[in-house]
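> Before we start, here is the structure in question, set down as structure tokens.
The values are calculated or read from the model by the stated rules, or taken from the named source; none is laboratory data. Nothing here was measured: the structure is a model prediction, and the numbers come from that model. Positions of Cβ are backbone-derived with ideal geometry, glycine not excepted, and every protein chain shown enters the neighbour counts.
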Amino acid sequence: MKSNSMKQEKMLSDILESSKLPTGRGSCCDDDDCSLDNTETDPLVLDGLSRAVTAMLEGIGEEPGREGLLKTPERVARSLRFLTKGYREDPEEMLKKAVFTEAYDEMVLVRDIDLFSMCEHHMLPFFGKAHVAYIPDGKIVGLSKLARVVEVFARRLQVQERLTQQIRDAIQSVLNPKGVAVVIEARHLCMVMRGVEKLNSITTTSAMSGQFITSQPTRSEFLRLIKP
Ligand SMILES: [Zn+2]
């Protein structure tokens, strides 16, 4: 148990390390030139969302007119559109662009794919790692696309269970491989911040198909390979 909690702490410190706070006027990135937040350009979409954020600020008892909050509605609107951009991407089309014919028929595994998503119940983040494996049957896909398919589904409102299955199903559908296995380990801020569960609780979900279900040695090999 001890090594497990150390492992969890290491995972969190890795994530914090890779997302160090930028220097700026506030304690977070409030740079209006942030390119990530400027991906949405439709003024109607931004306007509607901004007004909703203003209503939220009023609803929680804030004063949307005070200095620090003046640009917050638009910032939150842009940020939300970025964090949910997966709705406007087609994961299967994205995968199809990088499919190659290849006789390789051993397991292909990409592990420790960083994952950031938002739970659909509270719209709070959950984040962690995804491990994605498949056994080709005449077709392989560019390795980066396995990480991309995780991202496309993660950038939507999700429950971790469905996210795991959607990744499996998209890969299964496009490559028709001998099997797909997806494991996600994540921390849910709706549990951590709201004090429902312990700070370090990690939720693990898995979705498998084909040989990962029918062949015990294959499943065991996969589970062994994703162990830290
Ligand atoms: Zn939640």
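> Which members of region 94-108 meet the condition of being part of a helix (DSSP H, G or I) and more than 27 Å from Leu46 (Cα to Cα)?
Residues satisfying the conditions are Leu95, Lys96.
> Are there any pairs, at least 6 apart or on different chains, whose C-beta atoms fall under 8 Å, with the first in region 119-135 and over 16 Å from Arg187 (Cβ atoms) and the second at pLDDT below 95 and more than 9 Å from the ligand (Cβ to nearest atom), and if so, which?
Partner pairs satisfying both residue conditions: Ile135/Asp105.
> Given (1) within 18 Å of Gly86 (Cβ to Cβ); (2) in contact with a strand residue (DSSP E or B) (Cβ under 9 Å, 6 or more places away or on another chain); (3) loosely packed, with under 15 Cβ neighbours inside 10 Å, identify the lone condition not met by Thr204.
Thr204 satisfies all of (1) within 18 Å of Gly86 (Cβ to Cβ); (2) in contact with a strand residue (DSSP E or B) (Cβ under 9 Å, 6 or more places away or on another chain); (3) loosely packed, with under 15 Cβ neighbours inside 10 Å except (1).
> For region 93-102, indicate whether the set of residues that are closer than 24 Å to Arg219 by Cα, of a type in the set (Lys, Arg) and at pLDDT 95 or above is non-empty.
No, region 93-102 has no match at all.
> Identify all residues within region 67-80 that are in contact with a helix residue (DSSP H, G or I) (Cβ under 7 Å, 6 or more places away or on another chain) and either of a type in the set (Lys, Arg) or not in a helix (DSSP H, G or I) (or both); write none if there are none.
Arg75, Arg78
> Also: Do any residues in region 180-194 that are not assigned by TED's automatic domain parsing to the domain that holds Gln216 have Cβ atoms under 8 Å from those of residues that are surrounded by fewer than 17 Cβ atoms within 10 Å (Cβ to Cβ) and part of a helix (DSSP H, G or I), where the two are at least six apart or on different chains, and which pairs are they?
none
> Still on this model: Check every one of the helices (runs of 4 or more DSSP H) wholly within region 110-203 and list those with 2 or more residues that are within 16 Å of the ligand (Cβ to nearest atom).
Qualifying helices (runs of 4 or more DSSP H): 160-175, 189-192.
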